[in-house]
Amino acid sequence: MNIKRVGTLAALGLTGTLLLASCASNEAAPGDSSEAPESSFSGQLDGTGASSQESAQLAWLTAFQTENPDVTINYEGTGSGPGRENFLAGASPFIGSDRAFNEEELAAGGFTACASDEIVELPLYVSPIAVIFNLEGVDELNLDAATIANIFNGTVTTWNDPAIADQNEGVELPDTAITPVHRSDDSGTTENFTDYLAAVAPEAWTSEADGVWPLTGGESAEGTSNLVAAVEGGEGTIGYADASRAGSLGKVSVKVGEEYVPYSTDAVAAFIDASPRVEGRTDGDIAIELDRTTTEAGVYPLALISYLIGCVEYEDPATAELVAGYFSYIASEEGQQVGLDEAGSAPISDELRTEVESAIALIG
(Lines give C-alpha, C1' and ligand atoms only; values in the text may rest on other atoms or scores of the structure.)
Protein backbone atom coordinates (compact mmCIF):
# COMPACT_ATOMS: atom_id res chain seq x y z
CA MET A 1 0.00 0.00 0.00
CA ASN A 2 1.68 3.17 -1.21
CA ILE A 3 0.40 6.16 0.74
CA LYS A 4 1.61 9.55 -0.43
CA ARG A 5 2.21 12.02 2.40
CA VAL A 6 1.11 15.37 1.09
CA GLY A 7 2.78 18.69 1.85
CA THR A 8 4.55 19.34 5.10
CA LEU A 9 1.49 19.01 7.26
CA ALA A 10 2.57 17.41 10.51
CA ALA A 11 -0.98 16.51 11.43
CA LEU A 12 -1.61 14.48 8.29
CA GLY A 13 -1.40 10.99 9.78
CA LEU A 14 -4.24 9.30 7.96
CA THR A 15 -6.46 7.25 10.20
CA GLY A 16 -6.11 3.51 10.10
CA THR A 17 -9.78 2.84 9.55
CA LEU A 18 -10.00 5.10 6.53
CA LEU A 19 -6.74 3.85 5.09
CA LEU A 20 -7.82 0.25 5.44
CA ALA A 21 -11.15 0.94 3.82
CA SER A 22 -9.47 2.97 1.08
CA CYS A 23 -6.99 0.25 0.20
CA ALA A 24 -9.31 -2.68 0.78
CA SER A 25 -11.75 -1.41 -1.82
CA ASN A 26 -8.93 -1.50 -4.40
CA GLU A 27 -7.97 -5.12 -3.70
CA ALA A 28 -9.78 -8.10 -5.17
CA ALA A 29 -11.26 -10.51 -2.68
CA PRO A 30 -9.54 -13.91 -2.49
CA GLY A 31 -10.83 -16.16 -5.26
CA ASP A 32 -12.65 -13.28 -6.99
CA SER A 33 -11.98 -13.66 -10.71
CA SER A 34 -14.54 -11.09 -11.84
CA GLU A 35 -13.27 -8.37 -14.12
CA ALA A 36 -12.78 -4.91 -12.64
CA PRO A 37 -15.27 -2.30 -13.86
CA GLU A 38 -14.10 -0.07 -16.68
CA SER A 39 -13.06 3.38 -15.48
CA SER A 40 -11.36 6.43 -16.93
CA PHE A 41 -10.19 7.56 -13.50
CA SER A 42 -6.86 6.78 -11.86
CA GLY A 43 -4.60 8.32 -9.25
CA GLN A 44 -4.75 9.31 -5.60
CA LEU A 45 -6.43 12.08 -3.64
CA ASP A 46 -5.77 12.89 0.01
CA GLY A 47 -8.50 15.00 1.56
CA THR A 48 -8.84 16.43 5.05
CA GLY A 49 -11.35 18.51 6.96
CA ALA A 50 -14.73 18.25 8.66
CA SER A 51 -14.98 15.32 11.03
CA SER A 52 -18.77 15.48 10.62
CA GLN A 53 -18.27 14.05 7.13
CA GLU A 54 -16.08 11.13 8.18
CA SER A 55 -18.74 8.42 8.06
CA ALA A 56 -20.11 9.68 4.76
CA GLN A 57 -16.64 10.09 3.27
CA LEU A 58 -15.75 6.52 4.20
CA ALA A 59 -18.88 5.28 2.43
CA TRP A 60 -18.38 7.56 -0.58
CA LEU A 61 -14.71 6.76 -1.14
CA THR A 62 -15.31 3.04 -0.76
CA ALA A 63 -18.12 3.06 -3.34
CA PHE A 64 -16.21 5.32 -5.73
CA GLN A 65 -13.11 3.15 -5.56
CA THR A 66 -15.16 0.01 -6.13
CA GLU A 67 -16.34 1.55 -9.40
CA ASN A 68 -12.86 2.93 -10.16
CA PRO A 69 -10.27 0.36 -9.05
CA ASP A 70 -7.28 2.45 -10.19
CA VAL A 71 -8.20 5.22 -7.75
CA THR A 72 -7.15 5.66 -4.11
CA ILE A 73 -8.89 8.31 -2.03
CA ASN A 74 -8.07 9.03 1.60
CA TYR A 75 -9.94 11.35 3.92
CA GLU A 76 -8.92 12.37 7.44
CA GLY A 77 -11.36 14.16 9.74
CA THR A 78 -8.95 16.80 11.04
CA GLY A 79 -11.76 19.28 11.74
CA SER A 80 -12.97 22.04 9.47
CA GLY A 81 -10.47 24.68 10.59
CA PRO A 82 -7.37 22.55 9.95
CA GLY A 83 -8.94 21.40 6.70
CA ARG A 84 -9.22 24.97 5.45
CA GLU A 85 -5.64 25.62 6.57
CA ASN A 86 -4.49 22.54 4.65
CA PHE A 87 -6.24 23.75 1.52
CA LEU A 88 -4.66 27.17 1.80
CA ALA A 89 -1.25 25.56 2.34
CA GLY A 90 -1.63 23.20 -0.62
CA ALA A 91 -1.56 20.09 1.57
CA SER A 92 -5.01 18.89 0.47
CA PRO A 93 -6.38 19.18 -3.09
CA PHE A 94 -9.91 18.95 -1.71
CA ILE A 95 -11.37 19.39 1.74
CA GLY A 96 -14.57 19.10 3.72
CA SER A 97 -15.65 22.11 5.76
CA ASP A 98 -18.70 22.73 7.94
CA ARG A 99 -18.77 26.29 6.68
CA ALA A 100 -17.87 28.02 3.45
CA PHE A 101 -14.88 30.34 3.30
CA ASN A 102 -15.99 33.79 4.44
CA GLU A 103 -15.68 37.04 2.51
CA GLU A 104 -12.42 38.06 4.20
CA GLU A 105 -10.80 34.68 3.50
CA LEU A 106 -11.89 34.75 -0.13
CA ALA A 107 -10.58 38.29 -0.57
CA ALA A 108 -7.21 37.29 0.92
CA GLY A 109 -6.94 34.34 -1.49
CA GLY A 110 -3.69 32.42 -1.42
CA PHE A 111 -5.20 28.99 -2.12
CA THR A 112 -1.93 27.15 -2.69
CA ALA A 113 -3.76 23.96 -3.70
CA CYS A 114 -5.10 25.81 -6.76
CA ALA A 115 -3.70 27.39 -9.91
CA SER A 116 -5.93 30.42 -9.24
CA ASP A 117 -7.90 31.83 -6.31
CA GLU A 118 -11.26 30.75 -7.73
CA ILE A 119 -12.76 27.81 -5.87
CA VAL A 120 -15.86 25.63 -5.83
CA GLU A 121 -17.79 25.19 -2.59
CA LEU A 122 -20.49 22.56 -2.83
CA PRO A 123 -23.09 21.90 -0.08
CA LEU A 124 -23.09 18.13 -0.41
CA TYR A 125 -23.32 16.95 3.20
CA VAL A 126 -26.41 18.22 5.01
CA SER A 127 -27.11 16.99 8.51
CA PRO A 128 -28.85 17.87 11.76
CA ILE A 129 -26.70 18.77 14.73
CA ALA A 130 -27.98 16.72 17.62
CA VAL A 131 -27.90 18.00 21.19
CA ILE A 132 -26.96 14.76 22.93
CA PHE A 133 -26.96 13.90 26.62
CA ASN A 134 -26.34 11.01 28.99
CA LEU A 135 -28.83 10.95 31.85
CA GLU A 136 -29.98 7.69 33.40
CA GLY A 137 -33.64 6.94 32.67
CA VAL A 138 -34.13 9.84 30.26
CA ASP A 139 -33.97 9.34 26.49
CA GLU A 140 -35.64 12.48 25.12
CA LEU A 141 -36.03 16.08 26.25
CA ASN A 142 -37.68 19.24 24.92
CA LEU A 143 -35.56 22.38 25.17
CA ASP A 144 -35.75 25.87 23.74
CA ALA A 145 -32.66 27.68 22.49
CA ALA A 146 -32.37 29.90 25.57
CA THR A 147 -32.24 26.89 27.90
CA ILE A 148 -29.66 25.15 25.72
CA ALA A 149 -27.60 28.34 25.77
CA ASN A 150 -27.88 28.66 29.54
CA ILE A 151 -26.80 25.04 30.00
CA PHE A 152 -23.67 25.59 27.93
CA ASN A 153 -22.87 28.99 29.44
CA GLY A 154 -23.11 27.56 32.96
CA THR A 155 -26.27 29.34 34.13
CA VAL A 156 -28.39 26.16 34.33
CA THR A 157 -26.35 23.65 36.31
CA THR A 158 -28.64 20.77 37.38
CA TRP A 159 -30.98 18.58 35.38
CA ASN A 160 -34.03 19.28 37.55
CA ASP A 161 -33.70 23.04 37.12
CA PRO A 162 -37.16 24.58 36.49
CA ALA A 163 -35.98 25.87 33.11
CA ILE A 164 -35.71 22.23 31.99
CA ALA A 165 -38.51 20.74 34.08
CA ASP A 166 -41.13 23.23 32.92
CA GLN A 167 -40.60 22.14 29.31
CA ASN A 168 -40.73 18.43 30.16
CA GLU A 169 -43.84 17.79 32.21
CA GLY A 170 -44.03 14.20 33.42
CA VAL A 171 -40.32 13.48 33.00
CA GLU A 172 -38.53 12.44 36.21
CA LEU A 173 -35.46 14.65 36.28
CA PRO A 174 -32.74 14.04 38.90
CA ASP A 175 -30.77 16.74 40.68
CA THR A 176 -27.64 15.48 38.89
CA ALA A 177 -25.11 18.15 37.99
CA ILE A 178 -24.93 19.05 34.29
CA THR A 179 -21.53 18.68 32.64
CA PRO A 180 -21.43 20.41 29.24
CA VAL A 181 -18.91 19.02 26.74
CA HIS A 182 -17.67 21.16 23.86
CA ARG A 183 -15.13 20.75 21.08
CA SER A 184 -11.56 21.74 21.89
CA ASP A 185 -10.52 22.11 18.24
CA ASP A 186 -11.55 24.65 15.61
CA SER A 187 -14.78 23.04 14.49
CA GLY A 188 -17.43 23.82 11.90
CA THR A 189 -19.93 21.96 14.08
CA THR A 190 -19.13 24.37 16.92
CA GLU A 191 -19.52 27.33 14.57
CA ASN A 192 -22.94 26.13 13.42
CA PHE A 193 -24.02 25.36 16.99
CA THR A 194 -22.94 28.75 18.35
CA ASP A 195 -24.46 30.46 15.31
CA TYR A 196 -27.81 28.88 16.20
CA LEU A 197 -27.55 29.97 19.85
CA ALA A 198 -26.47 33.51 18.96
CA ALA A 199 -29.28 33.91 16.42
CA VAL A 200 -32.16 32.34 18.36
CA ALA A 201 -31.20 33.14 21.99
CA PRO A 202 -29.09 36.32 21.84
CA GLU A 203 -29.92 37.36 25.42
CA ALA A 204 -28.65 34.05 26.83
CA TRP A 205 -25.80 33.56 24.34
CA THR A 206 -23.91 36.82 23.98
CA SER A 207 -20.87 35.43 22.15
CA GLU A 208 -20.62 35.57 18.39
CA ALA A 209 -20.65 32.43 16.28
CA ASP A 210 -17.18 30.92 16.21
CA GLY A 211 -15.53 27.64 15.34
CA VAL A 212 -13.42 27.98 18.49
CA TRP A 213 -15.43 27.50 21.68
CA PRO A 214 -15.71 31.01 23.18
CA LEU A 215 -16.26 30.20 26.87
CA THR A 216 -14.29 28.69 29.72
CA GLY A 217 -15.50 25.82 31.87
CA GLY A 218 -17.06 22.48 31.09
CA GLU A 219 -15.23 19.57 29.50
CA SER A 220 -13.68 19.62 26.05
CA ALA A 221 -12.81 16.97 23.49
CA GLU A 222 -11.08 17.06 20.13
CA GLY A 223 -13.11 15.91 17.16
CA THR A 224 -16.61 14.50 16.88
CA SER A 225 -15.73 10.97 17.96
CA ASN A 226 -14.00 12.11 21.14
CA LEU A 227 -16.82 14.49 22.06
CA VAL A 228 -19.40 11.71 21.68
CA ALA A 229 -17.17 9.39 23.73
CA ALA A 230 -16.91 12.02 26.48
CA VAL A 231 -20.70 12.35 26.66
CA GLU A 232 -21.10 8.56 26.67
CA GLY A 233 -18.50 8.17 29.40
CA GLY A 234 -20.08 10.56 31.86
CA GLU A 235 -23.32 10.89 33.81
CA GLY A 236 -25.24 14.13 33.42
CA THR A 237 -23.14 15.11 30.42
CA ILE A 238 -24.46 17.04 27.42
CA GLY A 239 -22.84 17.93 24.11
CA TYR A 240 -23.51 18.58 20.45
CA ALA A 241 -22.49 16.53 17.43
CA ASP A 242 -23.41 15.60 13.90
CA ALA A 243 -26.60 13.57 14.28
CA SER A 244 -25.10 10.57 12.45
CA ARG A 245 -22.89 10.03 15.50
CA ALA A 246 -25.56 10.39 18.19
CA GLY A 247 -26.09 6.65 18.56
CA SER A 248 -28.13 5.60 21.60
CA LEU A 249 -27.52 8.79 23.58
CA GLY A 250 -30.43 10.94 24.68
CA LYS A 251 -31.58 13.53 22.14
CA VAL A 252 -33.14 16.97 22.42
CA SER A 253 -36.12 18.22 20.41
CA VAL A 254 -35.59 21.95 19.88
CA LYS A 255 -38.35 24.53 20.09
CA VAL A 256 -39.32 26.11 16.77
CA GLY A 257 -42.18 28.57 17.03
CA GLU A 258 -44.65 26.92 19.39
CA GLU A 259 -43.63 23.29 18.83
CA TYR A 260 -40.70 21.06 19.69
CA VAL A 261 -39.11 19.49 16.63
CA PRO A 262 -36.91 16.38 16.76
CA TYR A 263 -34.13 16.20 14.23
CA SER A 264 -34.75 14.35 10.99
CA THR A 265 -33.30 14.42 7.49
CA ASP A 266 -36.65 15.64 6.09
CA ALA A 267 -36.84 18.53 8.57
CA VAL A 268 -33.28 19.57 7.73
CA ALA A 269 -33.73 19.23 3.95
CA ALA A 270 -36.78 21.52 4.18
CA PHE A 271 -34.70 24.03 6.16
CA ILE A 272 -31.91 24.03 3.57
CA ASP A 273 -34.21 24.42 0.57
CA ALA A 274 -35.87 27.41 2.23
CA SER A 275 -32.52 29.15 2.84
CA PRO A 276 -31.14 31.74 0.39
CA ARG A 277 -27.72 31.75 -1.28
CA VAL A 278 -25.01 34.07 0.00
CA GLU A 279 -24.85 37.02 -2.37
CA GLY A 280 -21.78 38.07 -4.33
CA ARG A 281 -20.25 34.61 -4.80
CA THR A 282 -18.78 33.24 -8.03
CA ASP A 283 -20.68 30.70 -10.14
CA GLY A 284 -19.00 27.70 -8.53
CA ASP A 285 -19.29 28.97 -4.96
CA ILE A 286 -22.66 27.76 -3.67
CA ALA A 287 -22.63 29.15 -0.15
CA ILE A 288 -25.98 29.03 1.65
CA GLU A 289 -27.18 31.53 4.24
CA LEU A 290 -29.10 29.77 7.01
CA ASP A 291 -32.08 31.43 8.70
CA ARG A 292 -31.83 29.98 12.19
CA THR A 293 -34.72 32.09 13.47
CA THR A 294 -37.33 30.49 11.23
CA THR A 295 -40.62 29.49 12.87
CA GLU A 296 -41.86 27.44 9.92
CA ALA A 297 -43.60 24.27 11.04
CA GLY A 298 -41.62 21.04 10.86
CA VAL A 299 -38.28 22.72 10.19
CA TYR A 300 -35.18 21.82 12.23
CA PRO A 301 -32.86 24.86 12.21
CA LEU A 302 -30.02 23.38 14.27
CA ALA A 303 -28.29 21.94 11.27
CA LEU A 304 -25.03 22.11 9.43
CA ILE A 305 -24.18 22.24 5.79
CA SER A 306 -20.80 20.69 5.21
CA TYR A 307 -19.14 21.68 1.96
CA LEU A 308 -16.87 19.82 -0.42
CA ILE A 309 -14.32 22.42 -1.48
CA GLY A 310 -11.94 22.25 -4.42
CA CYS A 311 -10.25 24.39 -7.03
CA VAL A 312 -11.67 25.67 -10.29
CA GLU A 313 -8.16 25.30 -11.72
CA TYR A 314 -5.49 22.77 -10.75
CA GLU A 315 -1.89 22.71 -11.95
CA ASP A 316 -2.29 19.00 -12.70
CA PRO A 317 -5.12 18.14 -15.15
CA ALA A 318 -5.28 14.59 -13.78
CA THR A 319 -5.99 15.94 -10.30
CA ALA A 320 -8.71 18.19 -11.70
CA GLU A 321 -10.31 15.24 -13.49
CA LEU A 322 -10.26 13.04 -10.41
CA VAL A 323 -11.61 15.74 -8.07
CA ALA A 324 -14.43 16.51 -10.53
CA GLY A 325 -15.24 12.81 -10.87
CA TYR A 326 -15.33 12.23 -7.13
CA PHE A 327 -17.45 15.33 -6.48
CA SER A 328 -19.83 14.28 -9.27
CA TYR A 329 -20.29 10.89 -7.65
CA ILE A 330 -21.01 12.43 -4.24
CA ALA A 331 -23.55 14.82 -5.80
CA SER A 332 -25.32 12.08 -7.74
CA GLU A 333 -28.54 10.48 -6.55
CA GLU A 334 -26.57 7.32 -5.83
CA GLY A 335 -23.94 9.16 -3.82
CA GLN A 336 -26.50 11.10 -1.82
CA GLN A 337 -28.40 7.87 -1.09
CA VAL A 338 -25.16 6.29 0.18
CA GLY A 339 -24.74 9.31 2.47
CA LEU A 340 -28.25 8.82 3.81
CA ASP A 341 -27.90 5.05 4.28
CA GLU A 342 -24.44 5.07 5.86
CA ALA A 343 -24.25 8.43 7.63
CA GLY A 344 -27.80 9.72 8.00
CA SER A 345 -27.23 12.85 5.91
CA ALA A 346 -30.15 14.53 4.13
CA PRO A 347 -30.04 14.07 0.34
CA ILE A 348 -29.91 17.34 -1.60
CA SER A 349 -32.84 18.32 -3.80
CA ASP A 350 -32.80 17.91 -7.59
CA GLU A 351 -32.77 21.71 -7.91
CA LEU A 352 -29.64 22.02 -5.79
CA ARG A 353 -28.04 19.08 -7.64
CA THR A 354 -28.41 20.97 -10.92
CA GLU A 355 -26.56 23.95 -9.39
CA VAL A 356 -23.83 21.68 -8.06
CA GLU A 357 -23.34 19.89 -11.38
CA SER A 358 -22.87 23.25 -13.13
CA ALA A 359 -20.25 24.19 -10.54
CA ILE A 360 -18.39 20.90 -10.95
CA ALA A 361 -18.28 21.45 -14.72
CA LEU A 362 -16.07 24.49 -14.05
CA ILE A 363 -13.26 22.34 -12.57
CA GLY A 364 -10.32 21.97 -14.91
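Values computed for the structure shown
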{"read-out": "Residue match in segment 282-290 (condition: in contact with a Gly (Cβ under 8 Å, 6 or more places away or on another chain) and within 19 Å of THR194 (Cα to Cα))", "value": "no"}
{"read-out": "Residues that are over 20 Å from the mean Cα position of the chain (by Cα) and over 14 Å from TYR196 (Cβ atoms), drawn from segment 259-281", "value": "GLU259, TYR260, GLU279, GLY280, ARG281"}
{"read-out": "Qualifying residues in segment 239-250 (those that are within 21 Å of ASN153 (Cβ to Cβ) and under 19 Å from the mean Cα position of the chain (by Cα)) - the one surrounded by the fewest Cβ atoms within 10 Å (Cβ to Cβ)", "value": "ALA241"}
{"read-out": "Every residue from segment 346-364 that is out of contact with any Leu (no Cβ under 8 Å at 6 or more places or on another chain), in a helix (DSSP H, G or I) and among the hydrophobic types (A, V, I, L, M, F, W, C)", "value": "LEU352"}
{"read-out": "Residue match in segment 289-297 (condition: within 25 Å of TYR260 (Cβ to Cβ), hydrophobic (A, V, I, L, M, F, W, C), touching a Phe, Trp or Tyr at 6+ places or on another chain (Cβ under 7 Å) and not assigned by TED's automatic domain parsing to the domain that holds THR62)", "value": "no"}
{"read-out": "Tabulated pairs, segment 288-317, first free of Cβ contacts under 8 Å to residues at least 40 places away in the same chain, second of a type in the set (Lys, Arg), C-beta under 9 angstrom, 6+ apart or interchain", "value": "GLU289/ARG277"}
{"read-out": "Out of GLY234, GLY223, GLY239, sole residue that is in contact (Cβ under 8 Å) with a residue 24 or more places away in the chain, on the phi > 0 side of the Ramachandran plot and not hydroxyl-bearing (Ser, Thr, Tyr)", "value": "GLY223"}
{"read-out": "So ALA297, is it crowded, with 17+ Cβ neighbours inside 10 Å, among the small types (Gly, Ala, Ser) and outside any strand (DSSP E or B)", "value": "no"}
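The values are calculated or read from the model by the stated rules, or taken from the named source; none is laboratory data. Being a predicted model, the structure only gives us computed values, none of them experimental. With ideal geometry, Cβ positions are generated from the backbone for all residues, glycine too; neighbour counts draw on all protein chains shown.
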